[in-house]
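One structure is given below, encoded as structure tokens.
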Amino acid sequence: MARMPVIAGNWKMHKTVEEARALAQAVRDGAAGVSHCRVVMAPPFTALFPVAEILRNTPVILAAQNVHWEPEGAFTGEISLPMLEEIGCGMAIVGHSERRQYFGETDATVNRRVRAILQSSLQPVICIGETLEEREAERHYDIITQQLAGGLDGLTRQSLLRIILAYEPVWAIGTGRTATPETAQEMHAFIRNRLSGMFGEGAQEVRILYGGSVKPENIAALMRQPDVDGALVGGACLEADSFLSIIHYNA
Ligand code: PGA
């Protein structure tokens with residue numbers, strides 16, 4: 001079954017509103033007419049609304065970089081799903097390794113966010129990945145198995161079809177050290193296999209993105225792998241030209 005690829009840009013903590021507008025306009029215009037993949041942009045919270053206005057009535061999807069599981073309440077510093085729905089966000093990234101590493105995100109909190117997102121109109125982009133230490137100790141498959149079991153706990157087969165996974169080996173994020181296409185494929189196939197074990201056939205329809213130092217130079221080889229269904233791009237999405245070259249990986 002064909003899985004429509006997704007090329008998503010995670011802006012992390014970059015871009016003022018003014019800078020965000022310029023980048024969003026350039027990507028929107030450069031991606032006009034793209035039909036081989038879905039383009040996603042995840043600006044920081046202050047830029048979501050202005051970027052939403054720029055993307056309105058275009059196929060480019062707006063994503064948040066995180067979201068809380070409660071619809072409202074005394075949760076200083078958090079943003080809720082109704083707030084994201086109101087401005088037209090279509091996706092929310094959950095469990096990014098930087099959230100896990102610096103802000104105490106765990107598989108349990110990832111799971112709460114995922115379940116809440118599945119009750120909303122948004123789709124979750126759930127990040128998983130092992131650290132260098134874990135890979136060197138040959139624990140990467142165990143770690144991924146654990147992150148999948150915890151993060152996807154309680155999901156139904158039906159809801160599985162709405163999730164997007166992003167495999168992001170922590171040792172490849174922002175380091176310039178990309179996983180080879182073969183290493184990525186090996187883990188993506190493992191993830192799909194785990195999903196089949198957990199949920200059955202629907203696993204064939206789940207998009208699994210690769211993330212970690214994706215660049216214009218390595219995207220095509222990654223996309224040729226049968227289980228790599230797109231990319232979550234950090235550093236290389238901050239300039240329109242390089243993000244657009246990644247989007248046009250098939251050119
Ligand atoms: P990077 O980040 O492309 O800068 O390595 C990827 C990510 O963290 O999503």
message = Being within 11 Å of the ligand (Cβ to nearest atom) and polar (S, T, N, Q): is that true of Asn250 here?
response = no
Exercise. State yes or no: is Leu55 within 29 Å of Ser213 (Cβ to Cβ) and more than 18 Å from the chain's Cα centre (by Cα)?
Key: yes
A careful count of residues in region 186-213 that are farther than 19 Å from Ile163 by Cα and either part of a strand (DSSP E or B) or in contact (Cβ under 8 Å) with a residue 12 or more places away in the chain (or both) gives 2
Flagged pairs (Cβ under 6 angstrom, 6 or more apart or on separate chains; first in region 166-177, in contact (Cβ under 8 Å) with a residue 60 or more places away in the chain and among the charged types (D, E, K, R); second part of a loop (DSSP other than H, G, I, E, B) and near the ligand (Cβ under 6 Å from one of its atoms)) are Glu168/Gly212
- prompt: Does region 178-194 include one or more residues that are within 10 Å of the ligand (Cβ to nearest atom) and touching a Phe, Trp or Tyr at 6+ places or on another chain (Cβ under 7 Å)?
  reply: no
Condition set among the hydrophobic types (A, V, I, L, M, F, W, C) and within 14 Å of Ala236 (Cα to Cα), scope region 197-222, selection nearest to the ligand (Cβ to nearest atom): answer is Val214
Of the residues in region 228-244 that are surrounded by fewer than 21 Cβ atoms within 10 Å (Cβ to Cβ) and either β-branched (Val, Ile, Thr) or more than 14 Å from the ligand (Cβ to nearest atom) (or both), the one that is farthest from the chain's Cα centre (by Cα) is Asp241
When restricted to Arg177, Arg192, Arg224, the only residue among the basic types (Lys, Arg) and surrounded by 15 or more Cβ atoms within 10 Å (Cβ to Cβ) is Arg192
*Might you check whether a residue that is more than 30 Å from Thr16 (Cα to Cα), of a type in the set (D, E, K, R) and away from the ligand (no atom under 14 Å from the Cβ) occurs anywhere in region 161-172?*
yes
Worksheet item: Quick check, is Gln225 in a loop (DSSP other than H, G, I, E, B) and either within 16 Å of the ligand (Cβ to nearest atom) or not small (Gly, Ala, Ser) (or both)?
Response: yes
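No lab work stands behind these numbers, since they all come straight from the coordinates. On a predicted model such as this, the values are computed, not experimentally measured, just so you know. Every residue, glycine as well, gets a Cβ built from its backbone with ideal geometry; the counts of neighbours run over all protein chains shown.
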